[in-house]
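A.B. asks: After the structure tokens below, expect a handful of questions from me.
The values are calculated or read from the model by the stated rules, or taken from the named source; none is laboratory data. Worth saying up front: this structure is predicted, and the values here are computed from it rather than measured. Please note: Cβ atoms are built from the backbone with ideal geometry, for glycine as well, and neighbour counts cover all protein chains shown. What goes into the accessible areas is simple: the full protein's heavy atoms, side chains included, and nothing from ligands, DNA or RNA. Shrake-Rupley method; radii C 1.70, N 1.55, O 1.52, S 1.80 Å.
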Amino acid sequence: MNKDLLMQLKRVTKTYLMGEVKVEALKESSLDIYQGEILVILGPSGSGKSTLLNLIGGMDKPSSGDIIFKDRSLSKASDRELTQFRRHEIGFVFQFYNLISDLTAGENVALAAGLVNNPLPTQGVLAQVGLEARQYHFPSQLSGGEQQRVSIARAMVKNPTLLLCDEPTGALDYHTGITILQLLKQTREAMGSTIIIVTHNTAIGAMADRLVRMRSGSIAEIIVNDSPLPPERIEW
Amino acid sequence: MKILNRRLQHIIRGSLGQFLGMAVIIAVGISLYIGITTAFFNLSQSQQGFYQDNNFADYYFYVVRAPESILKQVERVPGVSLASGRIQKDVPVLKENQERATVRLTSYGLPLEKGVNGIELMQGRFFIPYPAGGGIEAMLNSAYFEANGLAFGDTIDIVADNRKYPIKIVGTAAGPEFTYIMKDAANMMPDHETFGIMMLPLNQAQHLFHLPGQFNQVLVQFAPGVDQDAVVQSIKDILAPYGNLASFPRKDQLSHAALEGELEGLEAISAFLPLVFLSIAAAIQFVILRRMIKSQRSQIGIMKALGFHNAQIIVHFSSYAILVCAGGAAFGIGTGVLMASYFSDLYAMFFNLPRAIGGVNYQVILYSILLSLGVGALAGFSASRPVLSINPAESMRPLPPTSSSRSLVENWNWLWTGLSSSWKMAFRTISRNRFRMLVSILGISSAVALLILSMFTNDAVDYLMDQHFNRESNYDYMLSFNHPIKESELLDISRLEGVGLLEGYFTLPIRVHLQGSSDEDVLVGIHPSSTLKQPTREDGTFIPIPQEGMVISRRAAERLGLQVGDTVQLETLLGLGPNRYAQLKIVAVNYQLFGNESYVSLAQANRILQESQLINGALMKVDPKQAAIIEKELSDMTGINSIVSRQKERDNIMSMMDSMIYMVSVMIMFSVILGFVIVYNSAVMSFNERKRELASLLTIGFTRQEVAVIMWKETIPQALPALLLGLPLGKFLAELYFGSVQFDMWYMPVVIYPLSYALAALGGLVFVILGQWAASRGIKKLDIIELSKNTD
């Protein structure tokens, strides 16, 4: 595994003001993210894992601490710079896919491809996720698993450095979930992207190169997994 | 139910912009309804009351002179309920400032209340037939009295039968035939400084005109339900020996025709304008409620699961629309009452009606409340129907992704393949929401059409004025003489310094006969070489005056069904000497827009009258620097009955048009508000529906501006065609409007200048941009973290 450092979170804190109550969603957490690894962030709801993902993905700025991406600090970046960061470096995969309902599978992918200067070929990416034959279908005509494949293709086509997946199997049945995890692993193998999966499903942790356990807004432990399981052997 | 009411409050607070927008449209619709309907109702009521109280005549007969005894014969004709005789003649007034004015001297027999076309005292007192100490007492119409700065007890000098008489003014009065005071149909607008009505006792009028025991007009009221044609013919036969000059029904009476024209115009728009606003508001409410119910499907399911009845939930959602309408009505009633009072003031300025025109009309207000609540209930209940089919168990499952389908544009492959994904998205979203698209397109084009409708009256009047002042008539002054004179006598005038062109004319009332039917008209004899006043064809080109034959007025041609080539018989109705007859061939139809008259050559006119070289008026072109001096010198000439200054005519019209500006601006504002609300609502609805999608675009790296552009792309394909569609729609509505109010004294062309189209399109662009901008502000507040959370 390539051990090049991609991103560093240094004593990052995120506080939200909920009405008059201050909620510390993330407390002084530090994390290094390496090029090409599969990092699984595990934790129950409210543990801060989504907050952590949002900070990594440039959707939010930390209240304190620093986030360094390729020698650049994201903590002081403007909204515009964060948008550019998301545009060029990040691919998002959501639990509920969030596809554009008025675009076909192929067009959803092409829409994202239009955002970057050197996207991967749309057709190739669709073939890679196994949806070449379904590319003219609208999201409403696709199964959940197929929609999640489109979502992954949409994220991949930009050839991002980081692929962030928020509960990617959360809305899927077991078998479909496994195929999606396989697809993610293949993507890492083919493109060398770093993949971060946020989930509350502990079983998925088995496929990670490293496992981050979150509890009450803090990183409880980081486990290096020397022998990650192939997704098809994971069970829940 | 309390809890549902609280929920309704939350919904309203959550969609406050849309709620207020729709309420404003309802308010505009209701204020237009109240304003226009109240004005119509009040004007019509005061007209009817005034007519009834003063026995407004059904028919007018003008004779040269007839003995008073003839009235008994007329009264005996079956079907005549009331008849009066009087003397009415236009006479010049010699004003102290040397300016010239004309008053229409009208006599009244006593007691006043028993006659046809009675009068009512406004201020001062009634005249006395034989004032102690001699002299003549008279009353004036208020507008002339005020415009000329007169006071009761003042004396004004008039010229009757070539003699000057001082007349003492003792009061002002109004009569049903003087509600809109214009000298004749050739004037575009009243000019109270130079024309008025002078009312005096019959005995005095008979004395002034040397007509003892006689009169020159018979006014008749018919019994209800009689065959008027037969009665009119009997009266004509009775009056024939006395030189029956003209006869016409009430509808051709100038003041009545003007008032009726205004009433018809009001009636035409009183239903149409509010309907446009209320129906668009209803359609928007329908679309909004349908969307609301769709997006709150699971909540409706929960309400049902908790035990709320269908009816309760339907009432809950319908209440939204009813509240919009109630709020709009509350506001609209206030502005409507203000608008009605503005209209009333305007009409009080235009029409001389002593019965109160103003006043709040509670019936109209009640109707407006029922109307707005009806609109709300209709929109609400029809939109809430889908509530019935929501199943509590099913509704709590997440909705499948919105199903999309191919859009119409996809049939044009060449276009579709070239489109970016965001354009494709826009077209599909539009075609998925066809009803909303229809409402947007119809709404935007109606708003643009209303902009045109607001502006085009100005264009039509401007065109009319341009035609009238710059093409059809080219004179600076139009003189009319007390009596016909030889053309050679014009030398006195032509010798004045600064007089350029001077052309004599003879104008006389005529009756045109064709195969048993006849129509009264005005014939103008001018030199074929004349350039100061010319008849025109339909395309605006000049018709040369023929040496032989006649150019017939459009009005007479239409009434008698005349065609070029027909031969008609003319009967002169000059009132001087016997009526003459002549056969003339129609060589052309005169489409002159204003003061549409028939034309012959001056020589032909003289031949018909069996005279030679007579004129009774002249047209002049003068050096503008000398105009004031010339005007003064003309005023000193007692042979001149009236002097019409074109400049004054024009100024008068301009000042009348100025009073329209307020109304035009209000209508423009209403149209822009309507357009804004439509665009805003449609964009907000689309935004709310796609919040998640748009937020997900932000997370994958779209900038907020790029998301705004995507929203624009959805608006443009609807707004642009709608803007373009609004332009011909505006012209169509203008034609419809003029078609409903056209009356035959004037011919108002539907003229819309390119500038008005451009301004309407620009106004349309403004409200589209504003509406879209207001709706796009939501993009700034889109919370990507909130929306990308894994929640349904």
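A.B. asks: Here are some conditions: (1) surrounded by fewer than 19 Cβ atoms within 10 Å (Cβ to Cβ); (2) over 26 Å from B:M669 (Cβ atoms); (3) within 29 Å of the chain's Cα centre (by Cα). B:G500 meets all but one. Which one does it not meet?
C.D. replies: (3)
A.B. asks: Okay, next question. Tell me the strands (runs of 3 or more DSSP E) entirely within segment B:497-580 that contain at least 1 residues that are closer than 23 Å to B:S473 by Cβ and at pLDDT below 90.
C.D. replies: Hits in segment B:497-580: B:499-514, B:517-526.
A.B. asks: List pairs: first residue in segment B:692-714 and facing chain A (nearest Cβ under 10 Å) and open to solvent by 20 Å² or more (accessible area, probe 1.4 Å), second residue aliphatic (A, V, I, L, M) and in a helix (DSSP H, G or I) anywhere in the structure, Cβ distance under 6 angstrom, at least six positions apart or on different chains.
C.D. replies: B:R692/B:L787; B:R704/B:I779
A.B. asks: Let me ask you something else. Suppose we filter B:E520, B:E571 for residues that are open to solvent by 20 Å² or more (accessible area, probe 1.4 Å) and touching a residue at least 24 places away in the same chain (Cβ under 8 Å); which single one remains?
C.D. replies: From the options B:E520, B:E571, the qualifying one is B:E520.
A.B. asks: Among the numbered conditions (1) at negative phi; (2) open to solvent by 30 Å² or more (accessible area, probe 1.4 Å); (3) assigned by TED's automatic domain parsing to the domain that holds B:S601, tell me where B:M478 comes up short.
C.D. replies: That leaves (3) as the condition not met.
Each row is one residue, and each column tells you yes or no for (1) under 30 Å from B:L323 (Cβ atoms); (2) free of Cβ contacts under 8 Å to residues at least 60 places away in the same chain; (3) in the same structural domain as B:V337 (by TED's automatic domain parsing); (4) not in a helix (DSSP H, G or I).
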site: B:I36; (1), (2), (3), (4): yes, no, yes, no
site: B:S44; (1), (2), (3), (4): no, no, yes, no
site: B:F61; (1), (2), (3), (4): no, no, no, yes
site: B:V64; (1), (2), (3), (4): no, no, no, yes
site: B:Q73; (1), (2), (3), (4): no, no, no, no
site: B:A83; (1), (2), (3), (4): no, no, no, yes
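A.B. asks: Regarding B:T507, is this residue open to solvent by 20 Å² or more (accessible area, probe 1.4 Å) and not acidic (D, E)? First the steps, then the outcome.
C.D. replies: On the way: open to solvent by 20 Å² or more (accessible area, probe 1.4 Å): yes; not acidic (D, E): yes.
Judged against the criteria, B:T507 is a match.
A.B. asks: Follow-up question, since we're still on this one. Starting from segment B:101-120, keep only residues that are in a helix (DSSP H, G or I), then list their pairs with residues that are not aromatic (F, W, Y) whose Cβ atoms are within a distance under 6 Å, requiring at least 6 positions of separation or different chains.
C.D. replies: Note: pairs meeting the criteria are B:L112/B:G118.
A.B. asks: Filter segment B:339-362 down to the residues that are in contact (Cβ under 8 Å) with a residue 24 or more places away in the chain and in a helix (DSSP H, G or I) and list them by number.
C.D. replies: B:M339, B:A340, B:Y342, B:F343, B:S344, B:L346, B:Y347, B:M349, B:F350
A.B. asks: Okay, moving on. Can you say whether B:Q253 is over 24 Å from the mean Cα position of the chain (by Cα) and in contact (Cβ under 8 Å) with a residue 60 or more places away in the chain, as far as the supplied structure shows? Lay out the reasoning, then the answer.
C.D. replies: Values: over 24 Å from the mean Cα position of the chain (by Cα): no; in contact (Cβ under 8 Å) with a residue 60 or more places away in the chain: yes.
Considered against the rule, which asks whether it is over 24 Å from the mean Cα position of the chain (by Cα) and in contact (Cβ under 8 Å) with a residue 60 or more places away in the chain, B:Q253 comes out as no.
A.B. asks: Go through the residues of segment B:719-739 one by one and say whether even a single one is open to solvent by 20 Å² or more (accessible area, probe 1.4 Å), small (G, A, S) and either closer than 30 Å to B:G261 by Cβ or modelled with pLDDT of 90 or more (or both).
C.D. replies: yes
A.B. asks: Further, regarding this structure: I'm trying to understand the selection: among the residues of segment A:160-183, which are modelled with pLDDT of 90 or more, of a type in the set (A, V, I, L, M, F, W, C) and open to solvent by less than 10 Å² (accessible area, probe 1.4 Å)?
C.D. replies: A:L162, A:L163, A:L164, A:C165, A:L181
A.B. asks: May I pose another question? Just checking, how many residues over segment B:650-691 are modelled with pLDDT of 85 or more, among the hydroxyl-bearing types (S, T, Y) and open to solvent by less than 30 Å² (accessible area, probe 1.4 Å)?
C.D. replies: Final tally of qualifying residues: 3.
A.B. asks: Also, I was wondering about something else. Can you name the condition, by its number, that A:I67 falls short on among (1) out of contact with any helix residue (DSSP H, G or I) (no Cβ under 7 Å at 6 or more places or on another chain); (2) in contact (Cβ under 8 Å) with a residue 60 or more places away in the chain?
C.D. replies: (1)
A.B. asks: Do you know which residues across segment A:70-95 are at the interface with chain B (Cβ under 9 Å from one of its Cβ atoms), assigned to a loop (DSSP other than H, G, I, E, B) and out of contact with any helix residue (DSSP H, G or I) (no Cβ under 7 Å at 6 or more places or on another chain)?
C.D. replies: Matches in segment A:70-95: A:Q95 only.
A.B. asks: Applying the selection to segment B:600-625, what residues are in contact with an Asp or Glu (Cβ under 9 Å, 6 or more places away or on another chain) and open to solvent by 40 Å² or more (accessible area, probe 1.4 Å)?
C.D. replies: Scanning segment B:600-625 gives B:Q613, B:K621, B:D623, B:P624.
A.B. asks: Quick check on my filter: what residues within segment A:131-166 are of a type outside the set (S, T, Y), touching a residue at least 12 places away in the same chain (Cβ under 8 Å), within 11 Å of another protein chain (Cβ to nearest Cβ) and within 21 Å of B:R432 (Cα to Cα)?
C.D. replies: A:H137, A:F138, A:P139, A:L142, A:Q147
A.B. asks: Something else about it: Please indicate, with yes or no, whether at least one residue in segment B:167-183 is outside any loop (DSSP other than H, G, I, E, B), within 20 Å of B:P201 (Cα to Cα) and free of Cβ contacts under 8 Å to residues at least 40 places away in the same chain.
C.D. replies: yes
A.B. asks: Can you say whether B:I34 is open to solvent by less than 10 Å² (accessible area, probe 1.4 Å) and of a type in the set (V, I, T), as far as the supplied structure shows? So that I can check it myself, show each step before the final result.
C.D. replies: Details: open to solvent by less than 10 Å² (accessible area, probe 1.4 Å): yes; of a type in the set (V, I, T): yes.
Against the criterion (open to solvent by less than 10 Å² (accessible area, probe 1.4 Å) and of a type in the set (V, I, T)), B:I34 qualifies.
A.B. asks: Which numbered condition in (1) within 14 Å of chain A (Cβ to nearest Cβ); (2) under 20 Å from B:W712 (Cα atoms) is the only one that B:L415 fails?
C.D. replies: Going through (1) within 14 Å of chain A (Cβ to nearest Cβ); (2) under 20 Å from B:W712 (Cα atoms) one by one, B:L415 breaks only (1).
A.B. asks: Continuing with this model, one more query. Any residue in segment A:21-32 that is more than 14 Å from chain B (Cβ to nearest Cβ), among the hydrophobic types (A, V, I, L, M, F, W, C), part of a strand (DSSP E or B) and under 19 Å from the mean Cα position of the chain (by Cα)?
C.D. replies: Looking for residues that are more than 14 Å from chain B (Cβ to nearest Cβ), among the hydrophobic types (A, V, I, L, M, F, W, C), part of a strand (DSSP E or B) and under 19 Å from the mean Cα position of the chain (by Cα), one finds at least one in segment A:21-32, hence yes.
A.B. asks: Tell me, yes or no, whether segment B:429-444 has at least one residue that is crowded, with 18+ Cβ neighbours inside 10 Å, within 14 Å of chain A (Cβ to nearest Cβ) and assigned to a loop (DSSP other than H, G, I, E, B).
C.D. replies: yes
A.B. asks: Right, next: Show the residue pairs that are 6+ apart or on different chains and have beta-carbon atoms under 6 Å apart, the first residue being within segment A:183-204 and on the phi < 0 side of the Ramachandran plot, the second being in a strand (DSSP E or B) and open to solvent by 10 Å² or more (accessible area, probe 1.4 Å).
C.D. replies: A:V198/A:D166
A.B. asks: Here is a further query. What single numbered condition from (1) more than 18 Å from A:P121 (Cα to Cα); (2) at pLDDT 90 or above; (3) open to solvent by less than 30 Å² (accessible area, probe 1.4 Å) fails to hold for A:R215?
C.D. replies: Of (1) more than 18 Å from A:P121 (Cα to Cα); (2) at pLDDT 90 or above; (3) open to solvent by less than 30 Å² (accessible area, probe 1.4 Å), only one is false for A:R215: (3).
A.B. asks: Across segment A:1-53, which residue is farthest from A:L162 (Cα to Cα) among those that are acidic (D, E) and open to solvent by 10 Å² or more (accessible area, probe 1.4 Å)? If you could, list the steps in order and put the result at the bottom.
C.D. replies: Taking segment A:1-53 as the starting set, the residues that turn out to be acidic (D, E) are A:4, A:20, A:24, A:28, A:32, A:37.
Filter once more, so that each one left must be open to solvent by 10 Å² or more (accessible area, probe 1.4 Å): A:4, A:20, A:24, A:28, A:32.
Details: A:D4: 13, A:E20: 35, A:E24: 26, A:E28: 23, A:D32: 13 Å.
Among them, the one singled out is A:E20.
A.B. asks: Examine segment B:272-292 for a residue that is under 29 Å from B:Q47 (Cβ atoms), open to solvent by 50 Å² or more (accessible area, probe 1.4 Å) and within 30 Å of the chain's Cα centre (by Cα), and state whether such a residue exists.
C.D. replies: Yes: one or more hits.
A.B. asks: For segment B:184-198, which positions are open to solvent by less than 20 Å² (accessible area, probe 1.4 Å) and either of a type in the set (G, A, S) or assigned to a loop (DSSP other than H, G, I, E, B) (or both)? Show your work before the answer.
C.D. replies: At the first step, the residues of segment B:184-198 found to be open to solvent by less than 20 Å² (accessible area, probe 1.4 Å) are B:188, B:190, B:195-198.
Scanning segment B:184-198 gives B:M188, B:P190, B:G196.
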